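The values are calculated or read from the model by the stated rules, or taken from the named source; none is laboratory data. Keep in mind that what you see is a predicted model, and the values were worked out from it rather than measured. Cβ coordinates were reconstructed from backbone atoms using ideal geometry, including for glycine residues, and neighbour counts include every protein chain displayed.
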Amino acid sequence: MHQLHFFPSRTMALYVGRLFLIRSFSILFALVLILQTLDLLGESGKILAVAGNSDSDVWRYVGMRLPQIIETFLPFSVLLGTILTLITLNQNSEVVAMKASGMSAHQVLAPLFLAALLVAGISFAFNERIVTRSTAALSAWQKVEYKRVPPDNGVRSNIWVRDGDDLINAATVETGGPSIVLRDVTIYERTGGVLSSMLSAPTARAVEGGWELTDAKRFLRRSGTVEPLGTIIAARDVRPDQFTLAQVDGDQLPFLQLQSAIADLEAAGRPVDALKGVLWHKISGPLSAILMPLLGAVAAFGLARSGKLFIRAILGMGLGFAYFVADNFALAMGDLGAYSPFLAAWGPFILFALIGEMILIRTEE
């Protein structure tokens, strides 16, 4: 009958789950404490070197940096917590007792899966509500080298927009006034992907029916001549919001906001595959906690007195760290465009889930 229930014993499930959570979060606390201290040794000098900064700014940095460290090392902590829990259960012959009572390997690990799912949910909510905001604030502060962050003046620089086959570049985009104003505008007019002429103007203003270019000139590539045009209307199909889209950093936006930003960028004709990979990794990243009991399960089974427990623990750690390496590699390939967004975000997760399941089935046999 035990084989028909995923959790044959509520007491056992609570015991193993509590053991796993306590060890995982204890390891996380120790890792965060050590890494934050090491990080602070390098950054505190830069912060205090800025005139006007004090100890309160150092603590402000800690408040912004701490969520990033927690996000990065939570999966490592779950992996180490899994291995430590399973080694303890194996050494105390508790795994042997569970197996002797008729429980399968999956049933032994079931409480760990459930606890890891809880950790994944907490991780996702923590990333959405806290990590994205702290990342955005810290990035803005670091860009000004820990000085006072100036208020947003509504000016964007070096913005590119695609209009069919043509490319439009604006040196600056001013959004603070009653209408959007482009400065130093150049429209690269192309035919079949080949440049035919360049339309330039010192200013362009959004009007009904397109963009009003003042003192416009057109350079004809074939003849090498410049034709003055005065005030004209151009880029009739280009919307103003295509110029106001700021550079999007996927790590600084929650899932729904990033999804909306990707849709806007896609409509503006900008490449979004790398951002789509980051979007889906916001789900696959926290869910990696569920993989850790599967990859660390090799430490749970086999006789502790055989002398190979340490080797099995190292093997479990190796599988876990191999997953993190593969995950970072896939994201890098996604940024370069070598992998599709889905493969970059979910490929390593699916691969190592199959590897872990195969090892567990072999262990069961």
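The residue pairs whose first member lies in the stretch 341-354 and is within 13 Å of residue 282 (Cβ to Cβ), whose second member is in a helix (DSSP H, G or I) and basic (Lys, Arg), and whose beta carbons are closer than 9 Å, counting only pairs six or more residues apart or on different chains, are 341/276; 344/276; 345/276; 345/282.
Residue by residue, here is whether (1) of a type in the set (S, T, N, Q); (2) farther than 17 Å from residue 35 by Cβ holds:
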| position | (1), (2) |
| --- | --- |
| 49 | no, yes |
| 52 | no, yes |
| 62 | no, no |
| 70 | no, no |
| 77 | yes, no |
| 103 | no, yes |
| 129 | no, yes |
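For the condition within 30 Å of residue 98 (Cα to Cα), touching a helix residue (DSSP H, G or I) at 6+ places or on another chain (Cβ under 8 Å) and either surrounded by fewer than 18 Cβ atoms within 10 Å (Cβ to Cβ) or at pLDDT below 80 (or both), what is the one hit in 296, 302? After applying the criteria, what remains is 302. Test residue 119 against the criterion of being surrounded by 13 or more Cβ atoms within 10 Å (Cβ to Cβ), touching a residue at least 12 places away in the same chain (Cβ under 8 Å), among the β-branched types (Val, Ile, Thr) and touching a Phe, Trp or Tyr at 6+ places or on another chain (Cβ under 8 Å), and give yes or no. So residue 119 does not fit the description; no. Among the listed residues 212, 208, which satisfies the condition of being under 15 Å from residue 238 (Cα atoms), free of Cβ contacts under 8 Å to residues at least 60 places away in the same chain, in contact with a Ser or Thr (Cβ under 7 Å, 6 or more places away or on another chain) and among the charged types (D, E, K, R)? One residue alone meets the criteria, 212. Each residue in the stretch 314-330 was checked for being under 13 Å from the mean Cα position of the chain (by Cα) and buried (at least 19 other Cβ atoms within 10 Å of the Cβ), and 2 of them qualify.
Any chance you could count how many residues in the stretch 201-243 are polar (S, T, N, Q) and part of a loop (DSSP other than H, G, I, E, B)?
Taking the stretch 201-243 and keeping what is polar (S, T, N, Q), we get 203, 214, 223, 225, 231, 242.
Those still in the list that are part of a loop (DSSP other than H, G, I, E, B) too: 223.
Going through the stretch 201-243 one residue at a time, the tally reaches 1.
Tally time: how many residues in the stretch 254-285 are of a type in the set (Asp, Glu) and over 14 Å from the mean Cα position of the chain (by Cα)? Walk me through how you get there before you give the answer.
The initial filter retains those residues of the stretch 254-285 that are of a type in the set (Asp, Glu), namely 264, 266, 273.
Next, only the ones that are over 14 Å from the mean Cα position of the chain (by Cα) stay: 264, 266.
Residues flagged as of a type in the set (Asp, Glu) and over 14 Å from the mean Cα position of the chain (by Cα) within the stretch 254-285 amount to 2.
Every test in (1) over 28 Å from residue 128 (Cα atoms); (2) out of contact with any Lys or Arg (no Cβ under 7 Å at 6 or more places or on another chain); (3) assigned to a helix (DSSP H, G or I); (4) of a type in the set (A, V, I, L, M) is passed by residue 84 save one, and that test is (2).
Would you kindly identify the strands (runs of 3 or more DSSP E) lying entirely within the stretch 116-200 that contain at least 2 residues that are among the small types (Gly, Ala, Ser)? Break it down stepwise before answering.
Numbers: elements: 155-163, 166-174, 181-191.
Filter on the stretch 116-200 gives 166-174.
Could you list, in sequence order, the residues of the stretch 271-293 that are buried (at least 23 other Cβ atoms within 10 Å of the Cβ) and among the acidic types (Asp, Glu)? The answer is none; no residue qualifies. Residue pairs whose Cβ atoms lie under 9 Å apart, sitting 6 or more positions apart in sequence or on different chains, and linking a residue in the stretch 50-68 that is under 15 Å from residue 129 (Cα atoms) to a partner that is small (Gly, Ala, Ser) and surrounded by fewer than 16 Cβ atoms within 10 Å (Cβ to Cβ), are 64/137.
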